[in-house]
Amino acid sequence: MKTYGNGARSAVEKLKELADRKAAIAERIARIESQLAAQSRKDDTRLKILIGAAFLADLDKHNAQRAYIEATLRRAITKDKDRDFLKARGWLQEPVTPPLQPLK
């Protein structure tokens with residue numbers, strides 16, 4: 001390695017130091033991005049829980065909302081596993097249709 005007078009570092013040494021700093025900064029950026037993504041997922045989950053809890057609590061006072069919620073669930077929940085889960089807990093029950101009356 002070539003060094004310059006007065007103990008100056010060589011260009012190669014400076015380059016290596018900068019590369020090391022760049023790698024450390026890249027690691028910090030990745031860690032912070034990961035933390036932000038994790039917080040975003042937590043916030044999304046909290047939002048869903050709060051909205052769902054509000055609707056469920058409102059049903060105790062306004063049972064008429066149940067039809068609206070049922071219709072929304074029928075449109076929005078498409079996975080069989082999720083629909084079965086809701087059915088097991090009293091949601092998404094098949095609507096009862098009155099028998100057809102013969103025409104007179």
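Quick notes on this one:
- Qualifying position, being exposed (fewer than 10 other Cβ atoms within 10 Å of the Cβ), more than 20 Å from the chain's Cα centre (by Cα), assigned to a helix (DSSP H, G or I) and of a type in the set (D, E), among D84, D20, D60: D60
- Segment 23-68: number of residues that are of a type in the set (F, W, Y) and not assigned by TED's automatic domain parsing to the domain that holds R89: 1
The values are calculated or read from the model by the stated rules, or taken from the named source; none is laboratory data. All figures in this text were calculated on a predicted structure; none of them were measured in a lab. Heads up, the Cβs are rebuilt from the backbone with ideal geometry, glycines too, and the neighbour counts pull from every protein chain shown.
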